[in-house]
1. Set the Förster distance to 22 Å, then compute FRET efficiency between B:THR254 and A:SER250 from the Cβ-Cβ distance, nearest 0.05.
2. What is the extension gain from B:THR264 to B:GLU143, computed as 0.36 nm multiplied by their sequence separation minus the C-alpha to C-alpha distance, in nm to one decimal?
3. Can you give the accessible area buried between chains A and B, summed over both chains, with a 1.4 Å probe, in Å² to the nearest 100?
4. Considering only protein heavy atoms, what per residue accessible area in square angstrom results for chain A with a 1.4 angstrom probe?
5. Please report, as a whole percent, how much of the solvent-accessible surface of the protein assembly as shown comes from carbon and sulfur atoms (probe radius 1.4 Å).
6. With the Cα gyration tensor of chain B giving a ≥ b ≥ c as the square roots of its eigenvalues, does the rule (a/c under 1.5 for rounded; else a/b larger than b/c for prolate; else oblate) give rounded, prolate or oblate?
7. Under a 1.4 angstrom probe, counting protein chains only, how are A:ILE30, A:ILE52 ranked by accessible area, largest first?
8. Using only the Cα atoms of the protein assembly as shown, build the gyration tensor, take square roots of its eigenvalues as a ≥ b ≥ c, and label the shape rounded, prolate or oblate: rounded if a/c is under 1.5, else prolate if a/b is larger than b/c, else oblate.
There are 2 protein chains.
Amino acid sequence: MSVDVTRTTHQGPVTLTLDAEGGDNAPDEIVAGALMAASAELHVLLVGRPEIVEPLLGSSDHPYIESVPSASVISFHDEPAGAVKSMTDSSIVVGARTVAEGRSQGFISAGNTGAMTAAGLLIVKRLSGIRRPAIVTILPGLEGPVLLLDSGANADCRPEHLLEFGVLGSAYARTVLGMASPRVGLLNIGEEDSKGSELARSAHGMLAASGLNFIGNVEGRDLLRNLADVVVTDGFTGNVALKLLEGCASSFFTRVRAAAKSSTRAKIGGMLLKPALRGLRSALDPEEVGGACLLGLRGLVVISHGSSSRRAISNALLFGADAVRKGIVPGVVAELERAGVASGEREG
Amino acid sequence: MSVDVTRTTHQGPVTLTLDAEGGDNAPDEIVAGALMAASAELHVLLVGRPEIVEPLLGSSDHPYIESVPSASVISFHDEPAGAVKSMTDSSIVVGARTVAEGRSQGFISAGNTGAMTAAGLLIVKRLSGIRRPAIVTILPGLEGPVLLLDSGANADCRPEHLLEFGVLGSAYARTVLGMASPRVGLLNIGEEDSKGSELARSAHGMLAASGLNFIGNVEGRDLLRNLADVVVTDGFTGNVALKLLEGCASSFFTRVRAAAKSSTRAKIGGMLLKPALRGLRSALDPEEVGGACLLGLRGLVVISHGSSSRRAISNALLFGADAVRKGIVPGVVAELERAGVASGEREG
């Protein structure tokens with residue numbers, strides 16, 4: 001393993017790999033996003049079929065973008081693990097390999113989420129002590145960010161996985177968001193310790209016994225109220241919750257627009273209020289961050305929305321570079337020790 | 001069993017039982033709600049300790065309210081099934097018994113949800129063919145109501161339970177909401193049939209093979225978009241989703257209020273828009289319906305929010321009476337046959 005996970009922060013320029021062929025708007029918007037974000041401080045390895053990618057880069061020289069050739073594309077319909085094993089010349093596999101080989105510190109794709117997860121597990125590989133890497137998303141809490149994980153990498157979970165998610169989320173909150181002692185909550189259907197599914201009740205016991213700053217159950221209605229900084233749940237519930245928030249925000253804007261058309265008075269009110277609501281819209285806009293970390297691996301993996309625009313991709317690159325500079329991967333290793341949940345053996 | 005579940009609609013006045021001692025605002029608000037809703041068409045059996053309830057009814061005569069004495073109260077902290085078995089003189093047990101004995105057609109309480117579920121199972125009893133009664137909530141879809149179930153009665157579910165939820169929801173949509181062919185969706189984390197947890201994938205197969213109008217998976221972001229009229233999921237995910245919607249709506253109003261204070265222009269805009277937004281607030285207000293059915297039992301059971309005001313309780317009574325008049329219980333029996341998922345033997 002050539003990735004040094006013991007360094008706590010990253011000095012000098014960060015190199016990130018970007019899948020030029022992943023997502024609904026690939027390759028045009030992806031390459032445009034790379035052109036927006038690449039700089040002396042952020043080098044981009046752009047993976048894709050040369051005949052597709054090169055024309056988009058144009059004839060001018062891009063000192064901070066390097067093309068890495070791949071030969072095929074894993075689609076949204078391909079079975080993830082099988083595709084990663086068989087399509088070794090695909091952009092996702094080639095991209096993940098650049099991280100495993102230490103050529104870059106992280107890999108970003110708006111392609112098949114399942115294939116990104118499989119490539120993370122099989123190629124970038126897990127950190128020692130982590131059985132299930134998880135997707136971390138940043139929710140717009142009323143008083144600041146709330147981390148939700150797992151947001152969809154693991155549809156079926158055991159209690160010990162939820163404990164690991166607590167470790168991963170705490171590491172993220174501490175290193176990337178600079179929180180001194182992140183409060184960890186368990187997404188559950190009641191406030192009392194004894195409430196919930198079998199999974200939630202077992203996880204509650206394991207979280208309470210760990211060295212994490214566990215504050216107990218958090219109900220759905222309190223998710224955006226910053227009772228906890230990190231909220232853990234299985235990847236099924238987490239993914240439903242995340243997409244429900246997206247849907248709720250979008251339906252709310254639709255309703256506000258309808259309300260603002262219901263009378264002349266409301267029309268004028270809506271026009272006057274519009275600029276202020278723009279700030280609200282951007283607080284709830286998933287493109288502002290541009291991607292979610294798949295955490296628990298020996299390198300950074302960022303999964304972007306399939307519908308990502310150039311702005312989302314550029315933001316994902318900037319976000320990924322920030323996480324690398326702040327030392328997210330060594331942060332997880334440190335958190336495993338702090339929480340007392342590290343497995344004995346260590347790699348690397 | 002004295003409840004005749006074969007009659008398809010209910011003629012004449014409806015009698016409903018109300019737990020005067022359940023909820024954060026009991027007994028004052030509960031009794032006030034009964035006084036608001038009781039009428040020649042809606043008789044109320046008011047269950048509670050006479051020394052608590054009688055003074056609130058005052059000295060005047062209430063021809064449509066009858067007091068039914070109980071002697072104890074199951075609190076929010078009591079273990080549900082144990083409390084229902086041991087506290088036989090509690091308002092929840094006495095109230096459920098009035099339904100089992102045919103003295104009333106339904107029972108409403110804002111008390112301990114788990115105890116209401118246990119009383120439903122143990123006293124009102126399940127309909128033949130239903131293993132797991134479920135809580136049905138009505139979500140404010142953009143184009144009309146969307147039924148979500150189970151919203152919290154069953155934290156751990158098997159696939160066949162989700163199939164039953166499809167039957168219960170279809171019956172509700174057909175009889176109470178008057179939908180001719182309710183579309184049933186499975187809450188899941190992807191559109192493809194093969195996506196999701198083990199539970200979701202098995203349930204998908206069973207729903208597809210049933211006589212229900214199953215349209216496939218519905219993702220969290222589409223829950224409010226009326227792709228399906230009935231959305232089924234396990235009670236853990238359903239309860240998280242329901243409370244998340246509540247929290248999301250409340251955080252959205254907080255944010256709109258903040259946006260409307262951010263400048264003089266926005267302030268005026270907010271003032272002008274306010275009356276139009278009031279309609280939006282009421283569309284998202286859980287007190288408008290006042291309660292959620294626990295469906296699949298031999299009588300109607302309605303669970304109201306713990307924080308219910310008199311308005312919520314009055315609305316719950318009106319809503320319950322409407323469901324009884326439209327024949328919700330026989331509607332479930334008919335739906336079991338229509339969907340081809342009835343167990344062989346029949347009771348009553």
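1. Numbers: r = 18 Å, r/R0 = 0.82.
About 0.75, to the nearest 0.05.
2. That works out to 40.1 nm of additional length.
3. Interface between A and B: roughly 4900 Å².
4. Heavy-atom SASA per residue in chain A reads 38 Å².
5. Working: 13700 of 26450 Å².
Within the protein assembly as shown, the accessible surface is 52 percent carbon and sulfur.
6. Oblate is the answer for chain B, as a/c is 1.5 or above yet b/c matches or exceeds a/b.
7. Largest to smallest exposure gives the sequence A:ILE52, A:ILE30.
8. Numbers: a/c = 2.06, a/b = 1.87, b/c = 1.10.
The shape class here is prolate.
The values are calculated or read from the model by the stated rules, or taken from the named source; none is laboratory data. Predicted, not measured: the structure shown is a model, and the values here were computed from it. In this analysis, Cβ positions are derived from the backbone assuming ideal geometry, glycine residues included, and neighbour counts consider all displayed protein chains. The protein model used for the area step is the full one, side chains on, heavy atoms only, and it has no ligands, DNA or RNA in it. Shrake-Rupley method; radii C 1.70, N 1.55, O 1.52, S 1.80 Å.
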